[in-house]
Amino acid sequence: MAGSSRRAADRRLQLPLLCLLFQGVTAILFAVFVRYNHETDPALWHWGNHSNADNEFYFRYPSFQDVHVMVFVGFGFLMAFLQRYGFSSVGFTFLLAAFALQWSTLVQGFLHSFHGGHIHVGVESMINADFCAGAVLISFGAILGKTGPAQLLLMALLEVVLFGVNEFVLLNILGVRDAGGSMTIHTFGAYFGLVLSRVLYRPRLEKSKHRQSSVYHSDLFAMIGTIFLWLFWPSFNSAPTTLGDGQHRTALNTYYSLTASTLSTFALSALVGGDGRLDMVHIQNAALAGGVVVGTSGEMMLTPFGALAAGFLAGTVSTLGYKFFTPILESKFKIQDTCGVHNLHGMPGILGALLGVLVAGLATHEAYGDGLQSTFPLIAEGQRSATSQAVHQLFGLFVTLTFASVGAGLGGLLLKLPFLDSPPDTQCFEDQIYWEVPGEHEDEAQGPLRTEEPDTRA
Amino acid sequence: MAGSSRRAADRRLQLPLLCLLFQGVTAILFAVFVRYNHETDPALWHWGNHSNADNEFYFRYPSFQDVHVMVFVGFGFLMAFLQRYGFSSVGFTFLLAAFALQWSTLVQGFLHSFHGGHIHVGVESMINADFCAGAVLISFGAILGKTGPAQLLLMALLEVVLFGVNEFVLLNILGVRDAGGSMTIHTFGAYFGLVLSRVLYRPRLEKSKHRQSSVYHSDLFAMIGTIFLWLFWPSFNSAPTTLGDGQHRTALNTYYSLTASTLSTFALSALVGGDGRLDMVHIQNAALAGGVVVGTSGEMMLTPFGALAAGFLAGTVSTLGYKFFTPILESKFKIQDTCGVHNLHGMPGILGALLGVLVAGLATHEAYGDGLQSTFPLIAEGQRSATSQAVHQLFGLFVTLTFASVGAGLGGLLLKLPFLDSPPDTQCFEDQIYWEVPGEHEDEAQGPLRTEEPDTRA
Amino acid sequence: MAGSSRRAADRRLQLPLLCLLFQGVTAILFAVFVRYNHETDPALWHWGNHSNADNEFYFRYPSFQDVHVMVFVGFGFLMAFLQRYGFSSVGFTFLLAAFALQWSTLVQGFLHSFHGGHIHVGVESMINADFCAGAVLISFGAILGKTGPAQLLLMALLEVVLFGVNEFVLLNILGVRDAGGSMTIHTFGAYFGLVLSRVLYRPRLEKSKHRQSSVYHSDLFAMIGTIFLWLFWPSFNSAPTTLGDGQHRTALNTYYSLTASTLSTFALSALVGGDGRLDMVHIQNAALAGGVVVGTSGEMMLTPFGALAAGFLAGTVSTLGYKFFTPILESKFKIQDTCGVHNLHGMPGILGALLGVLVAGLATHEAYGDGLQSTFPLIAEGQRSATSQAVHQLFGLFVTLTFASVGAGLGGLLLKLPFLDSPPDTQCFEDQIYWEVPGEHEDEAQGPLRTEEPDTRA
């Protein structure tokens, strides 16, 4: 016991050492490469003789703040539904996202805003970094409770790079449109997480089954996450679109889609529930699918009716997924998807990509007028037909699925390195092995910590 | 028992069927009637050769998001104070408001922005729809815990229409000013809910009395609702006002008024409390009355002092109402007002309307300068004197009370239809009959569900 | 007992009477002095023939709302970590801040915007008032649980005046730059609270020790506060800076600094924790130190790397402070710092001031270009060298420490006035003596209230 306890204590050093190492490296890279852009640098901005009102800050920062709330409050508290994993859900979200913001600023900066040997940063790089953090947290949702924080940081290290490359291929090479990230964020994040969960499959996870459910209060905390995600999703999808009608239309479409996914989620949850009762898991998650499904098409001429129809479909598919497909995922495919990200981000993300194919394929000069240049510049400039754009959109989906799957396969091997600190099967979904936990679990908190016991003896 | 159980299960189908029916109907109406307006349609916007910075989105969307948070987080969590009704409070708020947003977009669209056979939508229709959802949730507060979700959807169906018609009569026919909705939202929503509660009076509600109180944690969840309502109320009242000084002044007045209602609520709560102790019910609710009371006059020349005085009065009246009037409402008037909406929205709403009468009656060209055109266009154009405006404002209050009372009377008869799914007296304020409820109520969750027992046997 | 009970009931009148008195006085002062400024007054605004888009409201109000959320949700819930003091933490935050907003509008108005016999108000006065409320709440954190609400109101009465005077001396007389308030808000608020805590030292506070910790749920409520503070800190630091690149750069710097303080906090917390486990107290507090430390320099040419380095340092110092210095503060210096404001606001505030000295001293015309006029007007106008500015910045720190210490010494004597209602040592950190507390503490709530017992007998 003493030896294993010692070994465990050594492993606990992995988290602080990785934090310090990663922070050191990003700080050096920031020192060498990162500079204010022309909207944040006083000399550049004032040299330009702009009106201050023209600074991008005023057009994007309110949306950025909404996105920021979604990433940290939304994802963090949504995952706090587990009865004994609230500290880890909120806390590791905080840690992972903070690191992802720095790292993604560098990766995306090298790919998108590297000029004259420097990365130039401003509010758009903040939005993009938060988007990338969102994808990392979606993947976190699939493996929630089954990995230690050091493993999670390694996952983020890898995923941020792959996210950046995939996004670059789609947006800059293939000319795909995906403002709200049905593909680049949701599909990518979900399938990355699901494949990772497959590689990390734990056949004896039922040892922690009693902790893998909610209690009354934890479900209310999770609803804080849900509601803030739902409220600010119009800002999420519209944050990076073209100014003017683009942001306005995207927000409106997302708003309608979410109302419809909420109605279909309540309907389906009651229909498939025992005695017609509603299931909080569905309400907390599937009601949000309307935001995911218009991530690609929200900036296009989806029409208000199209937004309602898309949202309705997404809520339906997502609720049915929680009810019928998640159990199969585990039993047949050995994918243990803690938060059901396949239902909230995976299937609605793919539906959103396909909806983007459809709506892009229907684009006409008539419908968009001079606004075609903003939404589909390659079509407006005659470089592509609408059909060709649709085909490129579809290809983007396959690229994304490939990047996510192959990347997560490699990532899974990385995370399985035997010296990494990972919770034993008996201690999954349990805050206590990573946190000093006060009262309400007092009985356990006072006894000697039992996490050191080898799995086989538990 | 088997028969009644079967009957109950059948009744549970009412919620999903209504959701699907309502969504189907609104979707068809959206397909036929709803179109992007000139600020969200790419062809129309770009044809106009506007600067993107002029898009209404940038002037209204941040306020809209604050209003959106108030409706879903504010009202939802404020009502989560009940110890066993948190899922329903937050969940039914979510459902009702999502439906109200769609339905109200149609109803208000037909009344306010129907041109060339189409309803035109943008950020202003989003704000108006959220306002209407707010009124529906105020009414929900009066009957909280005593109605099933299918009944609530029917209430919303009716109330949204009446809200739209009443608002149209006030703003467009009578030329009443009511930006923050002291009349159209708060007075209307409160008295609609109170009359509804009267029609649905339950003489044996004491059977659920033990659940009609809070516990420590549920009061903290409710404070999340309170604080977000309090913080964003300046955005609520200023969201639909004229741009520039109008929005700015309204936000400022509301901010001052709320600080004063907070101080008077703490003072009065301690004065009337046992042993000078504060009552959370007062703090959660009456402190917000300052937002309600300047709903009409906030955009006018209320003056900062006037805002403080109004807020102080509203907090006082509201706290005293909770202490002394709510018990009488039940015992004498047979109105069981679960959340005390009469104290938070009813009386402060009427006070706000009367304050609007006063401040409108005092309007002069001198005080408003060229801004008179924005605040009181009919006075500025010489069509009305300030006194005449005041009389119209007063008349608007009576119209509102009439619409609310008569409408809710009809609504009450609708909700009393015997085949509708309604909780028995023994199961009011109880999540379990509509939700799968995890732990912390384990003793009950495991026993057979008792909601099927006829009232007379309980 | 009857006599002491009577006396206690009398003392309970102090809160309502102070609320009414303070509200009466501020209302009269508002009536006499406070007027709309040229952006909120319809006659003045329309006379100016401005475009509505130029109204300061659109540049500052979104930031203001974020600051507003930080003050009420952030500070309020952050302090709700105590197991039995959630009502007081959130409720007294609400009361204190509401009063401070009114009172500070007057005090700062007299000092900063008093023209023609009147104080002129608009969104900037709202931001400044919220900043002052933030300082008051920082001080509250040091004495949390050990003072009654009447004492707290008296503290606010005094502190708001001293805050205003100190800020005036720094910004207007010394020409110090301190947009995000490392000195004026954090250093001032922290040392005011710490000295106050010293004067109010309770040698027998261990009688309430069992209540001075968190429980599982209270830690999650506190994380709501933490996360909203963390998210909106970029808006806090940038709310009052110059428009355009100034606001933009400040938000960006703060964002980077916070990510770094989060990483260093996780690293250090695990390093110094038992068995490598993380401590929620560190995560809730020290992760925020990155916002404090760039309060002065965030608007300057800190560079993105500088922001990371500063945040990293602040998180490190703050975490180590919680672990090693807070116990010494109590044992050696007799300072009982309930929330550890010395670690979150005190030391990081001083570091932030020193960082400001450094970055100001490095200012060159080259680095700032024509933007120098916005950030360092006195240097741009040739009235000062960068070195001189740095010296003034340093002097500002000493002035702040002096004002805070001397003022809090006087304040402590005021709060020790024997007739003031103060909780006995046995009833510190306990909601029940000031609030009607429902369930979950039922055993105590039903017994006779024991707070009336004299200290010596407990």
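Nothing in this text is a laboratory measurement; each read-out follows from the coordinates by a stated rule. Keep in mind that this is a model prediction, so the values were computed, not measured. So basically every Cβ, Gly included, is an ideal-geometry build from the backbone, and we count neighbours across all protein chains shown.
Miscellaneous remarks
- About its Cα centre, the dipole of the range A:307-414 is roughly 400 debye, where the only charges are +1 on Lys and Arg Cβ and -1 on Asp and Glu Cβ.
- With the label put 7 angstrom out from Cα along the Cα-to-Cβ vector, residue A:364 ends up 6.1, 6.1 nm from the copy partners, going from closest to farthest.
- Placed amide H near residue B:119: partners under 5 Å, 5+ positions off or other chain: B:34, B:35
- Radius of gyration (Cα atoms) of the range B:273-392, expressed as a multiple of 2.2 N^0.38 Å: 1.29.
- Residue and distance (whole Å) for the chain B Cβ nearest the axis that superposes B on C: B:62, 3
- Placing a label point 7 Å from the Cα of residue A:50 along the Cα-to-Cβ direction, the distances to the matching points in the other copies come to 2.1, 2.1 nm, shortest first.
- Estimated distance in nm for a label pair at residue A:417 and residue B:385, the labels positioned 7 Å out from Cα along Cα-to-Cβ: 8.6 nm
- Between the Cα long axis of helix C:386-415 and the first principal axis of chain C there is an angle of about 20°, rounded to the nearest 10.
- Subtracting the Cα-Cα distance of residue C:115 and residue C:364 from their residue separation scaled by 0.36 nm leaves 86.1 nm.
- Label spacing, shortest first and in nm, from residue A:209 to its equivalents in the remaining copies (7 angstrom along Cα→Cβ): 4.4, 4.4
- The C-alpha atoms of chain B define a longest principal axis, and helix B:123-143 lies at about 40 degrees to it.
- When the helices of chain B are scored as -39500 (n - 2.57) per DSSP H run of n ≥ 4 and the total is divided over every residue, the value at 222 nm lands at -19500 deg cm²/dmol.
- Peptide B:205-217 shows a mean partner chain C-beta count of 3 within 10 Å per residue C-beta.
- Relative packing of peptides C:105-113, C:126-134 - highest average C-beta neighbours within 10 Å first: C:126-134, C:105-113
- Sequence-distant lysines (8 or more away, or on other chains) whose Cα lies within less than 23 Å of residue C:146: C:207, C:209, C:323, C:332, C:334, C:416
- Peptide-level mean, for A:356-368, of C-beta atoms on other protein chains within 10 Å: 1
- The Rg/Rh ratio of the protein assembly as shown, with both radii computed over alpha carbons and Rh defined as the Kirkwood radius, is 0.94.
- Relative to the dominant Cα principal axis of chain A, helix A:347-361 is inclined by about 10°.
- Once the Kirkwood radius over Cα pairs is known for chain B, the Stokes-Einstein relation at 20 °C and 1.002 mPa s delivers a diffusion coefficient of 95 µm²/s.
- The phi torsions of the range A:231-237, fed into the Karplus equation with coefficients 6.51, -1.76 and 1.60 and a -60° offset, translate into couplings of 5, 9, 4, x, 6, 4, 5 Hz, rounded to whole numbers, with Gly and Pro shown as x.
- Nonlocal amide H pairs with residue B:278, under 5 Å, H built at 1.01 Å: C:435, C:436
- Rel. contact order, % - alpha carbon contacts under 8 angstrom, at least six apart, the range A:59-451: 24 percent
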